[in-house]
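Peer 1: Dumping the structure here so I can ask a few things about it.
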Amino acid sequence: MDEKNLTPEESILLISRTIEDTKKRFEENGHIIVLWGSLTFIVFFSQFIFSITGLYKLFDIIWTVILFPLGAIYTFIYVRKDVKKRNLPKTLLTRVIGTMGWTMGANLMILGLIFSKQLGDALAPIFLILLAMSLIVIGSSIKFKPLLIGGILLNLIGLGSFLINRDYHGFSMMLGAVVGFIIPGILLNRAKREEHV
Amino acid sequence: MFKDLDPILHSQLRLSIVSILMTVEEASFTFIKESTNAAAGNISIQINKLQEAGYINVKKTFKNNYPNTTVSITKKGINAFETYVNNLKKYINPQK
């Protein structure tokens, strides 16, 4: 960067460009969002298949208990590597999103594994509503409309799930995974790739 | 009348560094280098000037046996940046 005398207009332009460029370096590429949408879809689709084939009791818990922690481990490694690779510093936004993501994930795990009996029929709707809240917060924080819309739709699916029979909650989860995570995640990934072309 | 612009901030590289630090909680030397595309030596000089003015904090540690410098903006730096931006606005729009 060459030093030169800045005019007031150039200074304002430099400040806004630098802040905008710095913010862009933090933006998520949608990879983790698609991953969690796919994991949720796979878990609930496989539960559906297991229930049809009568293998439900044999595989359901093991499958869920293995797949979600594996996703958490992958997410942890991926985020750490990404931060290191891109030399990303801490910002208020990344700290809020990170803390919210891990807190939400831990609570969902605890709710699903320990308190599922107490929650009964409300388990899936509560899951969906909690996930929707995080997507809405992330979508509005990074100003990405498809993620915000996906979060709102997921919230509506969650509320709607209170009105349907528990037997169909697996389908609500699958629909929620596609609408709230997979489609917005793919759109975010595409938007990021186009930005770098 | 127009207020004078802060000479510490009214420099291309120092202004870029402070603008970056206004966006993040703290940034590594490497991040600043990548963001500004400036030479390491030049960045070091400007960081020293900003530190001497009390606008930034510089923390030198070791990471995997390599020196790791991180910088963050101070309260004084934030105030100076806000005053600088307000003065710039007055230059551009004197009526306001």
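What follows draws every value from the coordinates through simple rules; no lab data is involved. Remember, predicted model here, so these are calculated numbers, not experimental data. Glycine also receives a Cβ, built like all others from the backbone with ideal geometry; neighbour counts cover every protein chain displayed.
Peer 1: Does a label point 7 Å from the Cα of A:LYS192, set along Cα-to-beta-carbon, have any residues of the range A:14-50 with amide nitrogen under 13 Å, and which are they?
Peer 2: It comes to A:24-36, nothing else.
Peer 1: Sort the following peptides by mean Cβ neighbour count (other Cβ atoms within 10 Å, averaged over residues), highest first: A:113-122, B:18-27, A:164-173.
Peer 2: Most protected by this proxy first, the peptides run B:18-27, A:164-173, A:113-122.
Peer 1: Given the rule -39500 (n - 2.57) for each run of at least 4 DSSP H residues, summed and divided by the residues of chain B, what is its mean residue ellipticity at 222 nm, to the nearest 500 deg cm²/dmol?
Peer 2: -17000 deg cm²/dmol
Peer 1: Got a sec? How would B:TYR55, A:TYR78 order by Cβ neighbour count within 10 Å, fewest to most?
Peer 2: Ordered by Cβ neighbours within 10 Å, fewest first: A:TYR78, B:TYR55.
Peer 1: What residues qualify as long-range amide H neighbours of B:GLU25, i.e. H under 5 Å apart, gap of 5 or more or another chain, H built at 1.01 Å from N?
Peer 2: Sorted by chain and number, the residues that satisfy this are A:LYS90, A:THR91, A:LEU92.
Peer 1: Compute the FRET efficiency between B:THR83 and A:ILE73 as 1/(1 + (r/R0)^6), taking r as their Cβ-Cβ distance and R0 = 35 Å, and round to the nearest 0.05.
Peer 2: On the way: r = 48 Å, r/R0 = 1.36.
That pair, B:THR83 with A:ILE73, gives E of 0.15.
Peer 1: In peptide B:18-27, what is the residue-averaged number of other protein chain Cβ atoms found within 10 Å of each Cβ?
Peer 2: The per-residue average across the peptide is 6.
Peer 1: Can you return the lysines within cross-link range of A:LYS117? Criterion is Cα-Cα under 17 Å, with same-chain partners fewer than 8 residues away left out.
Peer 2: Within the straight-line limit of under 17 Å, A:LYS117 reaches these lysines: A:LYS57.
Peer 1: Between B:LYS76 and A:THR99, what is the FRET efficiency for a Förster distance of 22 Å, r being their Cβ-Cβ separation, to the nearest 0.05?
Peer 2: The pair B:LYS76/A:THR99 has a calculated efficiency of 0.15.
Peer 1: Just rank A:ILE157, A:ILE42, fewest to most, by other beta-carbon atoms within 10 angstrom.
Peer 2: The order, fewest Cβ neighbours first, is A:ILE42, A:ILE157.
Peer 1: Calculate how steeply helix A:145-161 sits against the longest principal axis of the alpha-carbon atoms of chain A, using the helix alpha-carbon long axis, and give the answer as 0 to 90 degrees to the nearest 10.
Peer 2: 20 degrees
Peer 1: Still on this structure: If you count, for every residue in B:5-11, the Cβ atoms of partner chains within 10 Å of its Cβ, what is the mean?
Peer 2: Partner-chain Cβ atoms within 10 Å, mean over residues of B:5-11: 2.
Peer 1: Moving on to the next point. Using Cβ counts within 10 Å as a stand-in for footprinting exposure, how do A:VAL43, B:VAL71, B:VAL85 rank, fewest first?
Peer 2: B:VAL85, A:VAL43, B:VAL71
Peer 1: Once label points are set 7 Å from the Cα along Cα→Cβ at both A:GLU9 and A:ASP167, what is their separation, rounded to one decimal in nm?
Peer 2: With each label placed 7 Å out from Cα toward Cβ, I get 7.1 nm.
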